[in-house]
1. Nearest 10 degrees is fine. How inclined is helix 118-145 to the longest principal axis of the chain, computing both from alpha carbons?
2. If I fit a long axis through the Cα atoms of helix 234-257 and take the longest principal axis of the Cα atoms of the chain, what angle between them do I get, 0 to 90°, rounded to 10?
3. Determine the relative contact order of the chain: mean sequence separation of Cα pairs under 8 Å and six or more apart, normalised by residue count, in whole percent.
4. Which angle between 0 and 90 degrees, to the nearest 10, do you get for helix 30-54 versus the longest principal axis of the chain when only C-alpha atoms count?
5. Treat each spin label as a single point 7 Å out from the Cα along the C-beta direction, and report the Asp445 to Arg284 distance in nm.
6. So, in Å, what gap is there between the alpha-carbon centers of segment 75-100 and segment 14-54?
7. Given 20 °C and 1.002 mPa s, how large is the Stokes-Einstein diffusion coefficient of segment 85-271 in µm²/s, with Rh as the Kirkwood radius over Cα pairs?
8. Where Rh denotes the Kirkwood radius from the mean inverse Cα pair distance, what is Rg over Rh for the chain?
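Just so it is clear, none of the values below were taken in a lab; they were calculated from the coordinates. Note that the structure is predicted; figures quoted are calculated from it, not measured. Cβ: placed from backbone, ideal geometry, glycine included. Neighbour counts: every protein chain shown.
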Amino acid sequence: MSVLDPAWTALLYLAAAVCFVLALKGLSSPRHARRGNLVGAAGAALAVVTVFLSARLENIPWILAAVAVGSAIAAPVARTVKMTQMPQLVALFNGVGGGAAALVALLELPHAAGAGDVWMRLAIVFTLLIGAVSFAGSAVTFAKLQELMTTRPVLFPGLPVVMGAVLVGALGCAAAVVLLGSYPLALALLGLGLVAGVLLVLPVGGADVPIVISLLNAFTGLAVAASGLVLGNVLLVVAGTLVGASGTILTRAMAAAMGRSVSGILFGAFKGGSTAGSTAVSDRPVRSGSAEDVAVLLGYAQRVIIVPGYGLAVAQGQHTAAELATALEARGTEVAFAIHPVAGRMPGHMNVLLAEADVPYEALREMSEINGDFKHADVALVVGANDVVNPAAKSTPGSPIYGMPILEVSEARQVVFLKRSMRPGFAGIENELLYESQTTLLFGDAKESLAKVLAAVKGL
């Protein structure tokens, strides 16, 4: 027997929906992201409590046991995951959400077997297919980013034909389930959706993988919204629609930041257009220097722009970078951080890392507002970034990154690259800026190199 009457249930669901909207608003800026997360978590908790108080639930001990197991797994993972592994965690969340929606739809199919339930069966097959694609695709993106498999595009002869056959088979099964309500065909549809998810992501490589994670996030949102229709739960429809819409917007923004179309990201490998993540190392000569050489360049500069990249995140060097910026500012140097939208693999990733190190929000400058300042900078310090500053994006038609908006580092008077090696970035192409006369390279782990430079600056 339910405790709440329908009016109170609707009001509490409305309050939870408002929390979700406010959470998305808060997540639009690093300054408010923590508050947005807390508001969203409060909305989710309110929604769960409302379900327990308003629905006639059976098997409550099993439900509580599942909640306990899930919490026991999720809490330690959330507390211990590194910021550099956040995209992988997001991929797992996407997959779990899509898989859960697909299972709910499968369980609800027997209740929609009547001839008048065609629209309900339509929502069920949509949830089944999209949820399965999201689950399997997210699992592959996780494996790629976690380097459990190659990050390069995986292709085999006849892949487009196989993908087409799977899609036709899935649509045929979906139509049959809608018309007949067949449970075996629904299982077949689920299997085809899983295969489609794997085939969708296999040809994607390198820096394109996080963009696909965002796309699959949108898929999960749509699957959850459809499952809300299946269950008659308005809050699931609202929450799923919000996730689907925000995931779509984020996907388009990330694709624009990479100068690519979504279709090019998904199917570019078939014509050689995907970022492939080459591991080839060049033997061309470059000008390298010591930490003391870099310290002199920085210590006597009036304007310095620091460009953080994924290498900084991997080395966990954000705190040392912040200390270096503080030391330079104490010498009267103007310091800013230039943030490319996908510098940390996902939008906002680098902002969060630097915010952890107490870098002032005012010092974090987005690409669109800081690009004009590079020509006035005495030194551009690039820490663990490559593709986002590679001039090939503007000068080399046919390059995997051609057309991608980049940070105009080449316009600075002096450029310093902190790199572990000469290995190319995710795009698998050389950065000609590394070989220019105004460029100095300091090889080594980003955090260790920054610490040496910091010590040298303090000793000037």
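1. Tilt relative to the chain: about 30 degrees.
2. The two axes meet at around 30 degrees.
3. Working: 832 pairs, mean separation 65.6, N = 460.
Relative contact order here is 14 percent.
4. That helix lies at roughly 10 degrees to the long axis.
5. A separation of 3.0 nm, rounded to one decimal place.
6. So the two Cα centres are separated by 18 Å.
7. Roughly 130 µm²/s, to the nearest whole number.
8. Working: Rg = 24.9 Å, Rh = 24.1 Å.
Using only Cα positions, Rg/Rh for the chain is 1.04.
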